[in-house]
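Everything on this sheet refers to the single structure shown next.
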Amino acid sequence: MKTEHAPTIHRADYRPLPWTVERIDLHFNLDPTATVVTSRLNCVRNPEVEAGPLRLWGDTLECLLLTVDGAEPAAAALRELEDGLEVDLAGERAVVEIHTRIDPQANTTLSGLYLSNGGFFTQCEAEGFRRITYFPDRPDVMARYTVTLEADRERCPVLLSNGNLLEQGELPGGRHYARWEDPFPKPSYLFALVAARLVVLERKAQTASGREVLLQVWVEEGNLDRAGHAMDSLIHSMRWDERTFGLELDLDRFMIVAVADFNMGAMENKGLNIFNTKYVLAKPDTATDVDYEHIESVVAHEYFHNWTGNRVTCRDWFQLTLKEGLTVFRDQQFSADMLAEAAGEEDAASARAVKRIDDVRVLRAAQFPEDAGPMAHPIRPDSYQEINNFYTATVYEKGAEVIRMLHTLLGTEGFRNGMDLYFSYHDGKAVTCDDFVDAMAEANGRDLDQFMRWYAQAGTPRLGARGEWNAADGSYTLRLTQHTPPTPGQAEKLPLVIPVAVGLIAPDGSDLPLQLEGESQPGASTRVLELKTAEQRFRFVGLSAEPVPSLLRGFSAPVLLELEEDDERLAFRMAKDSDPCNRWDAAQRYAERVILALAADLGQGRAAAVPEAFIRAFRSLATDEALDPAFRAQAAALPAEGYLLERMSPADPAALRAALRLLYATLGERLAADWLALCERLPVAGEYRYHPADAGRRALLNLALRYLAAAGNEAGLALARQRFGAAGNMTDRFGALAALVQSASPAREDALAAFHARYKDDALVLDKWFSLQAGAWRWQDDAPGTLLRVKALLDDAAFSLSNPNKVYSLLGTFFRANPAEFHAADGSGHVFWADMVIALDARNPQVAARMARALENWRRYTPALQASIRPQLERVLATKGLSPDVSEVIGKALQ
Ligand code: PHE
Ligand code: ZN
C-alpha cells in the first residue's frame, strides 16, 4: 500500500501540548499577492505536561522573522519540521513573534486566506490557520485574539474579524485599518477575517436577559434584497436557543458574511459566520422553497454552534461529532419546531413528521452507503489520513441520530438537564464525546457505558423483528434481534443500545394500548423498547386480535429494519399506521420491493409490469385529501436512487434506471386524472411567501407534473409549459422546468434556453440550470447520453472548475445523482471522472476528494462496471503530486 502521500493519524496518540497560547495579537497587511502577517503569541507552559518545545504548524508559509522574547533564537533552538516548526522555550512564559508572507491570490484551495471576487476571506476549519501563520493549530489551544486588518480602502471598504470592533481609521496611501478583539478564548479554527466590498443588512435585537445586540448580514452590492430571510432565520434561531436550552448570544455583535467561493455550506467562526452564498441569498424569483428551508436550517446550525462548538469545543478532531452531531440534532429540532409552529396545533404532528422524513431520506441516501463502503467509520473515528475527508454524513447525520437516541432515552427534560450540566462543567474548554455522554449520564443517574458503543462502532446495525401471536391467551411476543455487519478494520461488533419505538395496530387500523407482561395495566399506544442484547423478547398481553406491528416509529434509531412483511401488510400500514413516518416508510418499502423486482426482470431482458396492488396503495395515499400536501409529496416521492443501488446486489444502475422509468411512466399514466385534478386544486393564490403550508402544495403539484411529464401526458406537458412561462416564483418555475427536463418532450430544450436567458447573470440560479442538465435521464434509448451535455457545459462561460458550487452542481450531480448515465456501459463516464478528479485536485483537494468519493463503492457494481472503473481509480492514484485528500479516498477504495 502506498502511504507516501498521507501518514495515518490515530486517536489513541492524542497528547496535550507542552506549550499553549494564552493571547495572540495578529496584524494583517492585506495584499492580493503578498500579504504580511505579524503574529505575537503569549505562550504559557502547560504544567501538567512533561517539558518540551513549542510546536508550531505551518503550511505554504514564507517565514520572514521569528523571535523569542524579542531576540532571534539560537540555531539549535529552532527546528524545521515537515509540517512546521519546533522552538525551545525556557521558563514558564515566552513571547514569540512571527512574521510570514502569504499569497492569497495563488491560494485556490479555499482553505486559509484567499480571494473571492476581489475580496479577502478566510476558512480555518479544520487546519487552515496554519496556512496563514505558524501556530499550535489544534483545537485544544484556546487563545484570546486581537486582530488588526490593514487594506486598500477602495478594494476593501469593509474590514471584519471576530468579536468587537475596537477602532478603525485612515492610513496613508489610500489604505485604512480596523482593530477587533474577541473577548472569548477560542481555538484557531474559529478565527476569521473578511476584507471586501460589501453592503449590510442590519437589525438590533434584545437577548432574553435584555442585552442589545447588533445582527448583520453582509452581502455583495445588489444582493441586499436577498438577505432578509437569513436575517429572519437568525432571529428565530436566537429565540429558539433561548427558549429551548436557555442559551443566549454572548456577543454584542453577530455577523454573517456571504461569499461565492466556499468549499462547504457555512462556517461558525466566533461572531463572524462565513457562508456560502447558496445558504444566505434568497428572494422569491431566485430561490425555491427548499432553498428557503436550507437557509433557515444552516443559519440556525451555525448560530447554534456558538454554544455547541465554540463555547465548548473539541479537544481534537476525532471528537468532531461532539459539535457536529449535536448541532445537527439541534438544527433538526429547530426546523421541526418552526414547521410545527407554522402549521398550527392540529397539523403540528404531520409537519414534524415531514421534517423527520427529510432527515431520514438524507441518512439513507448518504450515510448508509458510506457505512457500507471502504470509508466506513464510527461517528468518532479512530484514525484518518486527512481530516477534511471526515466531514461526513456519518459524523454529521449519524452523529445527530446518536444524540437523538439520547434524547429519546432520557426524555426532553432529562436531555435538557444533561445539556445544562455539560455547560456547567465544560464552558470555555476543549473536551471529548465522553465528557458529553458523561454529563448526560450523571444528570440522569443513568449508566450510558454501553451506549458509548455507538461512538465506537461503524456500520449500519440490522434490526431483526419477528412477531408471534398467541390467540389462546391474547398475547403477542415480539422477538427483536440486532447485528452489525463487519466494516474495514472492525470485524466483530458488540450489541448496541437500540431504542425501538413500537406500536401495535388493530385490524381496524386503530392503535392498541400496550401492556407488557408483568404490568398491571395498559399504557400509551407507542412506547420505546430498549434492545440491549443480541436478542430480546417482549411479550404484550391483553390483546383481542392479532396486531400488526409498527416498529421504529419516528425512525427511533439509525438502523436497517429487517422485518418480513408481505405486500398486503405494507399496503395496510401505508393506509393505517398512525405514525406518519412509518406510513411513509411502508410506502418506501413497498416501492423499493416493486422497483427492485422490476429492475431484476428488466435487467434479465424479461417483460415487466408494475403490480396493480402497488398502484392502488400508492394512489390512495397520494390522493388522500385528509392528508397534508407536504406529507403526500413525501409519500409519493420514490426512494432515492443512491439508496436503491445500495439495496441491489450487484448494483446495476442501467437496470435500476429502466425500472424507475417504467414506474414513473406507469404512475404518470395510470394516475393521470388524479395528477391533473391535483394540479387544478393545489395552486397557491396570491404573492409568494415562504410558508410550509404553501410549500407543501407547491411540492405536491410539482411532483404531479413530474409524473405526468414522465408519462408523456399531453395535458400535463402543456400545463408544465404554461406554468413555466407564467410562474411568479422560482419554486413554480423550477418545478415546471424540472418536469419538462425529466421527460422525452422536445419542449425541454426551449425551456432550458428561456431559463438561461432570464437568469444568465445570476450565479446561484445558474447552478440549478447546470444541475438539472447533469441530472437529466434519457427517456429514449437512442437519445445522446448526458455525459455529452455535461462535457459541453464545462465550456459554458458561466462554468468554472474553481468555484465549488459550480463543480457540485454540474459534476457532483452527474457523478452522484445520475448513476445510469455516469456508469454508461462504454465506460466513458469513468474516464471523464478520473480526468475531472485529477484536474480538480491540482486546484482544490477538498473539492476533488468529494468528487473522488463518488466511486468509493465501486465493488458493489456489476463485474463489467468494476472492470471499467478499476483502471480509472488506479490512474488517479498514480497521479504525481496527488493530495492526501484524494489519495486517502482512492487508497481505501482500492484496498
Ligand atoms: N463546521 C462547519 C459546519 O458544520 C462546516 C465546515 C467544515 C466548514 C470545514 C468549512 C470547513 O457548520
Ligand atoms: Zn456544523
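So in the range 253-280, with the set limited to residues that are of a type in the set (D, E, K, R) and more than 9 Å from ligand 1 (Cβ to nearest atom), which one is farthest from the chain's Cα centre (by Cα)? Step through it out loud before you land on a result.
The initial filter retains those residues of the range 253-280 that are of a type in the set (D, E, K, R), namely 253, 261, 268, 270, 278.
The next check asks that each one be more than 9 Å from ligand 1 (Cβ to nearest atom); those that pass are 253, 261, 270, 278.
On the way: ARG253: 27, ASP261: 18, LYS270: 21, LYS278: 14 Å.
Residue satisfying both the conditions and the ranking: ARG253.
Within the range 357-366, can one find any residue that is within 14 Å of ligand 1 (Cβ to nearest atom) and crowded, with 22+ Cβ neighbours inside 10 Å?
No, there is no match, as no residue in the range 357-366 is within 14 Å of ligand 1 (Cβ to nearest atom) and crowded, with 22+ Cβ neighbours inside 10 Å.
Inside the range 162-217, can you point out the residues that are in a strand (DSSP E or B) and of a type in the set (Gly, Ala, Ser)?
Of the residues in the range 162-217, the ones in a strand (DSSP E or B) are 164-171, 175-186, 193-196, 199-206, 212-217.
Hits for the range 162-217 are GLY169, ALA178, ALA195, ALA196, ALA205.
From the residues in the range 311-324 that are within 15 Å of the chain's Cα centre (by Cα) and closer than 21 Å to LEU249 by Cα, which one is nearest to ligand 2 (Cβ to nearest atom)? Can you show your working first?
Start the filter on the range 311-324 by keeping residues that are within 15 Å of the chain's Cα centre (by Cα), which leaves 320-321, 323-324.
Next cut, closer than 21 Å to LEU249 by Cα only: 323-324.
Working: LYS323: 6, GLU324: 5 Å.
The selected residue is GLU324.
Examine the range 662-673 for a residue that is more than 27 Å from the chain's Cα centre (by Cα), surrounded by fewer than 22 Cβ atoms within 10 Å (Cβ to Cβ), closer than 26 Å to GLY728 by Cα and not charged (D, E, K, R), and state whether such a residue exists.
Among the residues of the range 662-673, at least one is more than 27 Å from the chain's Cα centre (by Cα), surrounded by fewer than 22 Cβ atoms within 10 Å (Cβ to Cβ), closer than 26 Å to GLY728 by Cα and not charged (D, E, K, R), which makes the answer yes.
From the set of residues in the range 592-615 that are of a type in the set (D, E, K, R) and part of a helix (DSSP H, G or I), which is nearest to the chain's Cα centre (by Cα)?
GLU592
Restricting attention to the range 49-91, and to residues there that are under 25 Å from PRO104 (Cα atoms) and without any contact (Cβ under 8 Å) to a residue 12 or more places away in the chain, which single residue is nearest to the chain's Cα centre (by Cα)?
Filtering the range 49-91 for residues that are under 25 Å from PRO104 (Cα atoms) and without any contact (Cβ under 8 Å) to a residue 12 or more places away in the chain, the one nearest to the chain's Cα centre (by Cα) comes out as GLU82.
Return the residues of the range 274-288 that are in a helix (DSSP H, G or I) and either of a type in the set (A, V, I, L, M) or more than 16 Å from ligand 2 (Cβ to nearest atom) (or both); say none if nothing qualifies. Full working, then the answer.
Applying the first criterion (in a helix (DSSP H, G or I)) to the range 274-288 yields 277-279.
Matches in the range 274-288: THR277 only.
Here are some conditions: (1) farther than 16 Å from GLU293 by Cβ; (2) part of a helix (DSSP H, G or I); (3) within 16 Å of ligand 1 (Cβ to nearest atom). ALA348 meets all but one. Which one does it not meet?
The failed condition is (3).
Tell me which residues, restricted to the range 334-362, are under 15 Å from the mean Cα position of the chain (by Cα) and within 16 Å of ligand 2 (Cβ to nearest atom).
Scanning the range 334-362 gives SER335, ASP359, VAL362.
Restricted to the range 378-420, and to residues that are more than 15 Å from ligand 1 (Cβ to nearest atom) and among the charged types (D, E, K, R), which residue is farthest from GLU242 (Cα to Cα)?
Once the filter is applied, the top-ranked residue is ASP382.
This table checks each residue for (1) buried (at least 21 other Cβ atoms within 10 Å of the Cβ); (2) in contact with a Pro (Cβ under 7 Å, 6 or more places away or on another chain).
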| position | (1), (2) |
| --- | --- |
| GLN521 | no, no |
| GLU530 | no, yes |
| THR533 | no, yes |
| SER544 | no, no |
| ALA557 | yes, yes |
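Somewhere in the range 569-582, is a residue in a loop (DSSP other than H, G, I, E, B), at pLDDT 95 or above and of a type in the set (Asp, Glu)? Give the steps one after another, and end with the answer.
Here is the first cut: in the range 569-582, the residues in a loop (DSSP other than H, G, I, E, B) are 577-579.
Applying the additional criterion that residues be at pLDDT 95 or above yields 577-579.
Now narrow it down to the ones that are of a type in the set (Asp, Glu): 577, 579.
Among the residues of the range 569-582, at least one is in a loop (DSSP other than H, G, I, E, B), at pLDDT 95 or above and of a type in the set (Asp, Glu), which makes the answer yes.
Mind counting the residues in the range 391-420 that are farther than 16 Å from PRO378 by Cα and either without any contact (Cβ under 8 Å) to a residue 60 or more places away in the chain or within 15 Å of ligand 2 (Cβ to nearest atom) (or both)?
Result for the range 391-420: 9.
Let's see how each residue does on (1) over 30 Å from TYR177 (Cα atoms); (2) among the acidic types (Asp, Glu):
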| site | (1), (2) |
| --- | --- |
| THR20 | no, no |
| GLU50 | yes, yes |
| GLY58 | no, no |
| VAL68 | no, no |
| ALA76 | yes, no |
| GLU86 | yes, yes |
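Return the pairs, sorted by first residue and then second, in which the second residue is of a type in the set (Val, Ile, Thr), the first residue lies in the range 774-794 and is outside any helix (DSSP H, G or I), the beta carbons are less than 6 Å apart, and the residues are 6+ apart or on different chains.
GLY775/THR813; ALA776/VAL741; ALA776/THR786
In the range 259-273, is there at least one residue being within 16 Å of ligand 2 (Cβ to nearest atom), crowded, with 23+ Cβ neighbours inside 10 Å and closer than 28 Å to ARG698 by Cα?
yes
Test TYR425 against the criterion of being under 30 Å from ALA852 (Cα atoms) and of a type outside the set (D, E, K, R), and give yes or no. Break it down stepwise before answering.
Details: under 30 Å from ALA852 (Cα atoms): no; of a type outside the set (D, E, K, R): yes.
The answer is no for TYR425.
How many residues does the range 616-653 contain that are part of a helix (DSSP H, G or I) and either without any contact (Cβ under 8 Å) to a residue 12 or more places away in the chain or in contact with a His (Cβ under 7 Å, 6 or more places away or on another chain) (or both)? Walk me through how you get there before you give the answer.
Pass one, the range 616-653, residues part of a helix (DSSP H, G or I): 616-622, 629-635, 641-646, 653.
Filter once more, keeping what is either without any contact (Cβ under 8 Å) to a residue 12 or more places away in the chain or in contact with a His (Cβ under 7 Å, 6 or more places away or on another chain) (or both): 653.
Selection size over the range 616-653: 1.
Just checking: which of the strands (runs of 3 or more DSSP E) contained wholly in the range 1-78 hold 3 or more residues that are touching a Pro at 6+ places or on another chain (Cβ under 9 Å)?
Working: elements: 19-29, 35-45, 54-57, 62-68.
It comes to 19-29, 35-45, 54-57.
Only one residue in ARG697, ARG647 is more than 21 Å from PRO746 (Cβ to Cβ), of a type in the set (Lys, Arg) and touching a Pro at 6+ places or on another chain (Cβ under 7 Å). Which one?
Residue meeting the stated conditions: ARG697.
Does the range 297-310 contain at least one residue that is at pLDDT 95 or above, of a type in the set (Ser, Thr, Tyr), more than 16 Å from ligand 2 (Cβ to nearest atom) and under 19 Å from the mean Cα position of the chain (by Cα)?
Keep residues of the range 297-310 that are at pLDDT 95 or above, which gives 297-310.
Next cut, of a type in the set (Ser, Thr, Tyr) only: 297, 303, 308.
Checking the rest, the ones that are also more than 16 Å from ligand 2 (Cβ to nearest atom) come to none.
No, every residue in the range 297-310 fails to be at pLDDT 95 or above, of a type in the set (Ser, Thr, Tyr), more than 16 Å from ligand 2 (Cβ to nearest atom) and under 19 Å from the mean Cα position of the chain (by Cα).
I'm checking my understanding of the structure. Among residues of the range 316-330 that are of a type in the set (A, V, I, L, M, F, W, C) and within 9 Å of ligand 1 (Cβ to nearest atom), which one is nearest to MET231 (Cα to Cα)? Even if it seems obvious, please write down each step before you answer.
Pass one, the range 316-330, residues of a type in the set (A, V, I, L, M, F, W, C): 317-318, 320, 322, 326, 328-329.
After this cut, where a residue has to be within 9 Å of ligand 1 (Cβ to nearest atom) as well, the list is 320, 328.
On the way: LEU320: 28, VAL328: 20 Å.
Filtering the range 316-330 for residues that are of a type in the set (A, V, I, L, M, F, W, C) and within 9 Å of ligand 1 (Cβ to nearest atom), the one nearest to MET231 (Cα to Cα) comes out as VAL328.
Which of the following residues is acidic (Asp, Glu), assigned to a loop (DSSP other than H, G, I, E, B), away from ligand 2 (no atom under 16 Å from the Cβ) and in contact (Cβ under 8 Å) with a residue 24 or more places away in the chain: ASP250, ASP291? Please lay out each step first, then the result.
Details: ASP291 fails: assigned to a loop (DSSP other than H, G, I, E, B).
When all the criteria are applied, what remains is ASP250.
All but one of (1) more than 15 Å from ligand 1 (Cβ to nearest atom); (2) among the aromatic types (Phe, Trp, Tyr); (3) crowded, with 22+ Cβ neighbours inside 10 Å hold for PHE245, so report the exception by its number.
Failing condition for PHE245: (3).
I'd like to check something: does the range 135-143 contain any residue that is in a helix (DSSP H, G or I), among the charged types (D, E, K, R) and within 30 Å of VAL49 (Cβ to Cβ)?
Residues of the range 135-143 that are in a helix (DSSP H, G or I), as a first pass: none.
The answer is no, given that none of the residues of the range 135-143 is in a helix (DSSP H, G or I), among the charged types (D, E, K, R) and within 30 Å of VAL49 (Cβ to Cβ).
Determine whether PHE832 is closer than 23 Å to LEU772 by Cβ and surrounded by 21 or more Cβ atoms within 10 Å (Cβ to Cβ).
Numbers: closer than 23 Å to LEU772 by Cβ: yes; surrounded by 21 or more Cβ atoms within 10 Å (Cβ to Cβ): no.
Taking the combined requirement at face value, the residue does not satisfy it.
Conditions (1) outside any helix (DSSP H, G or I); (2) surrounded by fewer than 24 Cβ atoms within 10 Å (Cβ to Cβ), marked per residue:
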site: ALA709; (1), (2): no, no
site: GLY716; (1), (2): no, no
site: ARG721; (1), (2): no, yes
site: GLY725; (1), (2): no, yes
site: GLY728; (1), (2): yes, yes
site: THR731; (1), (2): no, no
site: LEU737; (1), (2): no, no
site: SER743; (1), (2): yes, no
site: ARG748; (1), (2): no, no
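Among residues belonging to the range 294-315 that are assigned to a loop (DSSP other than H, G, I, E, B) and in contact with a Lys or Arg (Cβ under 7 Å, 6 or more places away or on another chain), point out the one that is farthest from ligand 1 (Cβ to nearest atom).
We begin by selecting, within the range 294-315, every residue assigned to a loop (DSSP other than H, G, I, E, B); these are 306-307, 309-311, 315.
Add one more test, that the residue is in contact with a Lys or Arg (Cβ under 7 Å, 6 or more places away or on another chain), and what stays is 309-310.
On the way: GLY309: 7, ASN310: 10 Å.
Looking at residues that are assigned to a loop (DSSP other than H, G, I, E, B) and in contact with a Lys or Arg (Cβ under 7 Å, 6 or more places away or on another chain), I get ASN310.
The values are calculated or read from the model by the stated rules, or taken from the named source; none is laboratory data. Model, not experiment: these values are computed from the prediction. Positions of Cβ are backbone-derived with ideal geometry, glycine not excepted, and every protein chain shown enters the neighbour counts.
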